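Read the figures in this text as sums done on the coordinates, not as results from a lab. Please read all numbers here as calculations on a predicted model, not as lab measurements. Using ideal geometry, Cβ is built from the backbone for each residue, glycine included, and neighbour counts are taken over all protein chains shown.
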Amino acid sequence: MAARLGELLLNEKLITPEQLDEALENQAIFGIKLGSSLIELGVITDAQLCRFLSEKLGVPAVSPRVMSSVPPGVLALVPAQLAGKHRVVPISIDGKRLALAMTDPTDFEAIDEVAFVTGCVIYPHIVPDVRITSALSKYYQIRGDIRYLRIEEELSSKRRTSPGTEAGSKTAKIDFPMMNESGELRTVEIPLEFEGFANLPDDIHATELNEVERYSVDQLSIEFASAKNRDQIATVFIKYLGQEFSGGALFIIRGTMAVGWRGTAAGKRLEEIENLTILLSKPSVMREVLETRQFSMGTLIQTPENRQILKTLRTLSTTPLLVVPIIMLNKVVAVVVVSGEMEALGKRLPELQRVVYKASLAFEMLILKNKILMT
């Protein structure tokens, strides 16, 4: 898509620069698309975004009702692998004319491939990414990011209770404190990564190493500096955790949940961490760190949520954990969890804080790069 979504919305005065900054910040922290970030923050509704893009691109918009009731015969025209690859969903067929719901109707590669496979003439329709994610999960059992599914769930609830309500509250840009390498506090911009609308990320899992390689702090710094997106920064972080601790994981705080992001144990990547969700309404070390905004170190109290963490990290209940909050936007947005001997964890704490600092600088570099692209 030639123009970025943020620029389009700013030019039409549908959002303010401050609201765009807040959405970019939310996008980077939680790894969602810019449009989905704007929707989640209440800056614009999914219906408004869909209508706006429909008008700008000159293609029909797809309503939530249509997306929720696609006939099985239509779905069968597009194989699950193809739908997932291009993030498209067929919604209706008229002779050889196939209506295709897409987040980017200008993705001609997707249109050509679907046309070739189905033998139909493709008529693209626009739909927000959150609805595509929900539809792929519902119709093709393609696992969707829990962040997108949560947004769609909230939107569905709002449509049921107040279908005419449109939110548009103004949000403020907020700086946050971060400790530098000498232990002094400094104020920095919140980390963000700007990606254009419908610019889908590469398959990060294809480029990540299953085994954690050992490397120096200097090399770690270089990899942080060369990272092109938030997931690459997370991968570098996990490499460090894997070589310095017996186990480690990154969690994202998402509303009432702590959601697993990346994990490693005994030098191997923990695939199951991405399926782990810790409810913050229940007693756990995650809730403790969230409420106190301080690190926790020691063995965990045996609550159901803590046992999930230990099990996923493949750690015994007698093994001490160091749990460190990452504070952004004046709130805890992520948590680092590592395991090891108590004395070793205490010695490693200052270094872990340094790595958190380096990661924040890597995010700041992404901010500057993307702001240059927007201006």
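Below, the figures for the structure above:
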| read-out | value |
| --- | --- |
| Rotationally averaged projected area of region 276-359 (alpha carbon convex hull; nm²) | 5.6 |
| Sequence of 102, 342, 67 once ranked by neighbouring C-beta atoms within 10 Å, starting from the fewest | 342, 67, 102 |
| Gained length - residue 94 relative to residue 281, 0.36 nm times residue gap less alpha-carbon distance | 62.4 nm |
| Reference-scaled alpha-carbon Rg (2.2 N^0.38 Å with N residues) for region 13-107 | 1.25 |
| Residue order, fewest to most surrounding Cβ atoms within 10 angstrom, among 121, 43 | 121, 43 |
| Derived scalar couplings ³J(HN,Hα) [region 230-245; Karplus, 6.51 cos²θ - 1.76 cosθ + 1.60; whole Hz; x for Gly, Pro] | 5, 5, 5, 4, 4, 5, 4, 4, 5, 4, 4, 4, x, 8, 9, 9 |
| Region 65-131 - Rg (one decimal) and Dmax (whole number), Cα, Å | 10.6, 29 |
| Rg(Cα)/(2.2 N^0.38 Å) for region 213-271, N = residue count | 1.16 |
